Structure formats: structure tokens, C-alpha cells
Amino acid sequence: SGKGSWSKKISRVKKEVESVVDSILLSVDEKSRLFRVPYSINLQDLRSFLSSFPYRPTPDQETSWGDILKDLTSNKPMNRLLCGDVGFGKTELAMRAAFLLSTNNKKTIVLCPTTILSDQLFNCFSERLSPFGASVAQITRLTKNNTSTAKSFSAGCVDVLIGTHALLRLSYAL
């Protein structure tokens, strides 16, 4: 269109990118100053839980679990994204972390994009964690008593809460 409009757009985008970079750097700096009490590990309980996994862990699962365990036992809050194809064991690693947290009297929320995935994860987490005394509950648009489930989670009666965006609508109860 007009003269200089392209250079104006480039200049505006550069300013926006610089602003985003500045906010990311500020966020990283703030996070680097955060500390928490490291989680303790009862090796006997952890070994028992790990041995209940019916499959042989992949090398990538072993590496990722080592990294997650290192994060959870450090004095810094964990900030980790675990990526992988379907069927490569991400759920198992999430259950291991939730188990470790529950043994430290901490709670876990698992947010799912679909009701079907929420159902699948609820069943997996319940099957693996319940024998070790961890309580698992679910909140979706299809489950009943969502408010009381959220309050039970907040009160410490539920260790792991799994659900869809319906969890976000009940954040006031959490």
C-alpha cells in the first residue's frame, strides 16, 4: 500500500518481539529466585510402586523419570514439559510423580483436553495409585457432584484430581 508501510510494520513487530523477550527474561529471573522444601523419597515405597508397572520402561522413560525425580528432590519448583507420541509412557511418568507427591502429602491436578482422555487417565491413575492409598477423583462436564469433589480435593481428602476444563470453572472451590 503506502510508502513506508512495510518498514512501519517491521518496526512494530520488532518492538513487540522485544517486549515478549523482556517479559520472558523477567519471568525466568523471578522463577530462578523461587525455593521450596525438597520432597523426600521413601525408597521402599517408591520401589514397590515402580515394580507394579507391568511393562519394561523404555530408555527415554528411564531418562525422563531420572530428570523428574531430580527436579522433585531439589529445592527449586519443577518447570518441565514432557512430550512424546501416543503410547510412549507419559502417563506412567505422571503417575510416578503424583505418587511421589502423595507420599509427601501434596496434591496433583491433571488437566485433560477431552472427557474421553479424562476417563482414561482417571481409570489408569485409580488402578495404579489406589493400592498405595492415594485417592483419585475426576471432574468433567459429565461427572456429578463436581463442587463437592473440588471441595474434597481442597480439604485434602483427594490426592489426585483429574479433569477437563470443568476444573477451571470450579477453581473457586479449589
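Structure above, values below:
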quantity: Subset of the stretch 1-45 that is of a type in the set (Phe, Trp, Tyr) and touching a residue at least 40 places away in the same chain (Cβ under 8 Å) - its residue that is surrounded by the most Cβ atoms within 10 Å (Cβ to Cβ); calculated: Tyr39
quantity: Condition met for Lys90 (within 23 Å of Leu46 (Cα to Cα) and free of Cβ contacts under 8 Å to residues at least 12 places away in the same chain); calculated: yes
quantity: Subset of the stretch 110-122 that is of a type in the set (Val, Ile, Thr) and under 8 Å from Gly163 (Cα atoms) - its residue that is nearest to the chain's Cα centre (by Cα); calculated: Val110
quantity: Among the candidates Phe125, Phe153, Phe132, residue that is under 17 Å from the mean Cα position of the chain (by Cα) and within 21 Å of Leu43 (Cα to Cα); calculated: Phe125
quantity: Residue within the stretch 52-63 that is part of a helix (DSSP H, G or I), under 19 Å from Gln138 (Cβ atoms), open to solvent by 80 Å² or more (accessible area, probe 1.4 Å) and of a type in the set (D, E, K, R) present; calculated: no
quantity: Matching residues, the stretch 1-25, being part of a helix (DSSP H, G or I) and of a type in the set (D, E, K, R); calculated: Lys8, Lys9, Arg12, Lys14, Lys15, Glu16, Glu18, Asp22
quantity: Options Lys31, Lys9, Lys106, Lys15; residue that is within 20 Å of the chain's Cα centre (by Cα) and more than 28 Å from Gln120 (Cβ to Cβ); calculated: Lys31
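The values are calculated or read from the model by the stated rules, or taken from the named source; none is laboratory data. All of these numbers come straight from a predicted model, not from anything done at the bench. Cβ atoms come from the backbone with ideal geometry, glycine included; neighbour counts cover every protein chain shown. To get the accessible areas, we keep the full protein, side chains included, count just its heavy atoms, and leave off ligands, DNA and RNA. Shrake-Rupley method; radii C 1.70, N 1.55, O 1.52, S 1.80 Å.
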